[in-house]
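Peer 1: If you scroll down you'll find the structure; I have some questions about it.
The values are calculated or read from the model by the stated rules, or taken from the named source; none is laboratory data. Note that the structure is predicted; figures quoted are calculated from it, not measured. Quick reminder, even Gly has a Cβ in these numbers, built from the backbone with ideal geometry, and neighbours come from all protein chains shown. When the accessible area is computed, the model is the full protein with side chains, heavy atoms only, and any ligands, DNA or RNA have been set aside. Shrake-Rupley method; radii C 1.70, N 1.55, O 1.52, S 1.80 Å.
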Amino acid sequence: MQSSPFNLPRAIIWIGRLVLAGIFIYAGYSKIFLPIVHPHPPIGVALSFFAMQVDSYQLLPPRGVNFVAHTLPFAEVALGLLLLIGWRLRVWATIVTLIMLGFFAAVVRSYALGLQINCGCFATPEPLTIKTVFRDGALAALALLMTIFAFIDARKPHPWSPPENA
């Protein structure tokens, strides 16, 4: 029995890839180039600004803050592009899911502690609110579903491949 090329799991994989890739590319780009500030500051200044936002979560020591601030934006852009391409999807989807769950945990912790900080998601002055918690939770759930369905889908024959002779 051949599987259908169009079904709910495959739709969730495609929606997850497109939505999360777009968000990751835009989030990384905005942290690297600060498009909301005119004239655009040098990349080092933009990354220093992002380091202040990372530090406001009070999760990492100074060296960890600098490492995250100088690597995460580039990793977000790369992961977004890899999700769009779809090559080795299970690997990149798993990494994106782990990152989204980490973001969600950090946001929930900060919200629960009542920290009055900026989210830092898109390099804009966006306060951390319950809306941010729900948004990050929904994106983490989408990433998790996309990853689960990508693993399940990989076990099935491709819908357009010729049937196997028994």
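Peer 1: If the chain between residue 112 and residue 36 were fully stretched, how many nm would it gain, using 0.36 nm times the residue separation less the Cα-Cα distance?
Peer 2: The residue 112-residue 36 span can extend by a further 24.5 nm.
Peer 1: Spelling out what I want: for every residue of the range 29-42, take phi, set θ = phi - 60°, compute 6.51 cos²θ - 1.76 cosθ + 1.60 (Karplus), and round to whole Hz; glycine and proline get x.
Peer 2: 4, 5, 6, 6, 10, 6, x, 7, 9, 10, x, 5, x, x
Peer 1: Could I ask something else about it? First compute the accessible area of the chain with a 1.4 Å probe, then give the percent of it belonging to carbon and sulfur atoms.
Peer 2: The C+S portion of the solvent-accessible surface of the chain is 72 percent.
Peer 1: Here is a further query. Please work out the Cα center distance from the range 56-83 to the range 99-124, rounded to the nearest Å.
Peer 2: Comparing the Cα centres of the range 56-83 and the range 99-124, I get a distance of 13 Å.
Peer 1: For residue 95 and residue 49, calculate 0.36 nm times their separation in residues minus their Cα-Cα distance, and state this gained length in nm to one decimal.
Peer 2: 14.0 nm
Peer 1: Per DSSP H run of at least 4 residues, take -39500 (n - 2.57); add these up for the chain, divide by its residues and hand me the 222 nm value, nearest 500 deg cm²/dmol.
Peer 2: Result for the chain: -24000 deg cm²/dmol, rounded to the nearest 500.
Peer 1: Sticking with this structure for a sec: Mind ranking 55, 136 by accessible surface for me, highest first, 1.4 Å probe?
Peer 2: Of 55, 136, the descending order of accessible area is 55, 136.
Peer 1: Now for a separate question. With all protein chains present, calculate the accessible area of residue 90 using a 1.4 Å probe and round the result to the nearest 10 Å².
Peer 2: The accessible area of residue 90 comes to roughly 110 Å².
Peer 1: Now for a different question. So what's the angle, to the nearest 10 degrees on a 0 to 90 scale, between helix 62-85 and the longest Cα principal axis of the chain?
Peer 2: Compared with the principal axis, the helix lies near 30 degrees.
Peer 1: Okay, next question. If you average over every viewing direction, what projected area does the convex hull of the Cα atoms of the range 43-166 give, in nm²?
Peer 2: 9.6 nm²
Peer 1: Something else about it: Cut-off 11 Å, label point 7 angstrom out along Cα-to-Cβ of residue 58: give me the residues of the range 116-147 whose amide nitrogen falls inside.
Peer 2: Only 116-117 pass the distance filter.
Peer 1: Another question, if that's okay. Taking a 1.4 Å probe, which of 15, 43 shows the most accessible area, and what order do the others take after it?
Peer 2: 15, 43
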